[in-house]
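The values are calculated or read from the model by the stated rules, or taken from the named source; none is laboratory data. Computed from a predicted structure; not experimentally measured. Virtual Cβ from ideal backbone geometry, glycine too; neighbours counted across all protein chains shown.
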Amino acid sequence: MASEWQKIGERFRRNRPAVAGAVFIGLSVIVAMMAYALAPEDSPDANMQIAGLALKPPGYTAELVGIPLEKSVEKPSLLPYLIHGQPSAYRWVPADAATERPPGSILEKRTMWLGSDKYGRCIFSRLLLGFRVSLMVGGIAVLISLTIGLFFGLISGYFGGRTDEVVMLVINTIWSIPTLLLVFAIVLALGRGIGIIFLAVGLTMWVDVARVVRGQVLALRDLPFVEAARSMGLGHARIIQRHILPNLLGPVLVVAAGNFATAILVESGLSYLGFGVQPPAPSWGSMLNENYGYALAGKPLLAMAPALAIALMVLAFNLVGNGLRDAMDVR
């Protein structure tokens, strides 16, 4: 006989849009992990700027001359390479702009599948690295929001009374502040580093988790199996851990999927406005900010590529969230 989780998995697999979203997220995780290995341009942050290659069209193949740098560059091992990329040992210039070929120089062809931006950087390479930034911000922000939201939602719903009133006052106060305005305040107060972005986005989303958890705990705390645990003399911590938390997994997963999509949108919006991940890190929001002006100048792909990546990622997490909600609804 199939367990309840097996039935949920079967219902989820029958939801084709949700499965498509889950497959896209899985592929995105692989791309984020292997971004430097997949990118045509694997320098740190794909930030190699070649002035002679500015604003080239999609599919452009550049013939480059690599002029050796004076200082040597060590080749990193596999793990540091996948995390930070490979600093180039050469200064690259277009072959047609190179006046001479000094000793030790090399010739290389490089295809820019989505063209290049105004700085001569490969858009495709930066787009691949953008998966890493968005998934990291979303994942860590959701982890922060779940930790805080579960704590306050559990104590509010389980203990009730004065504790519930105080926690709900805090929740409603934060709920009344627009998300972006609260994020701006945190970023301006603490700085613009990528760690601050994780914290700022996470601190604005925990109220959603807390409200859902509180409602679920209010419904669970008076059920017979919880009353039986109390009558056996079990402590509050053990009751919450063994009898309350396992029954919250479903609703929390649904909220987490929605919050992941929200975190990606918030980070992209912050980066677009200049308050998010700082250059030269390749955030999709900052790429959109740098290139949106070219959308009306005959080069729409420069803005469309990061915008489409944001839209697909957010859609994928929303589809998975809706699929989980439907699969866990016994009706």
ask   = Residues of the range 274-331 being at pLDDT 90 or above, of a type in the set (Gly, Ala, Ser) and surrounded by 17 or more Cβ atoms within 10 Å (Cβ to Cβ), which ones?
value = SER283, GLY285, SER286, ALA305, ALA307, ALA309, ALA316, GLY321, GLY323
message = Suppose the filter is outside the structural domain of GLY85 (by TED's automatic domain parsing) and not in a helix (DSSP H, G or I); does PRO246 pass it?
response = no
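I'm trying to understand the selection: among the residues of the range 219-238, which are in a helix (DSSP H, G or I), touching a residue at least 12 places away in the same chain (Cβ under 8 Å) and within 15 Å of SER156 (Cα to Cα)?
Answer for the range 219-238, where residues must be in a helix (DSSP H, G or I), touching a residue at least 12 places away in the same chain (Cβ under 8 Å) and within 15 Å of SER156 (Cα to Cα): LEU220, HIS236.
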ask   = Can you pull out the residues in the range 147-173 that are more than 16 Å from HIS236 (Cα to Cα) and of a type in the set (A, V, I, L, M)?
value = ILE148, VAL166, VAL167, MET168, LEU169, VAL170, ILE171
Helices (runs of 4 or more DSSP H) enclosed by the range 3-66 - at least 3 residues per element that are β-branched (Val, Ile, Thr) and not assigned by TED's automatic domain parsing to the domain that holds TYR81 = 16-33
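Are there helices (runs of 4 or more DSSP H) fully within the range 68-185 with at least 3 residues that are surrounded by 15 or more Cβ atoms within 10 Å (Cβ to Cβ) and under 24 Å from the mean Cα position of the chain (by Cα)? List them.
The qualifying helices (runs of 4 or more DSSP H) are 123-159.
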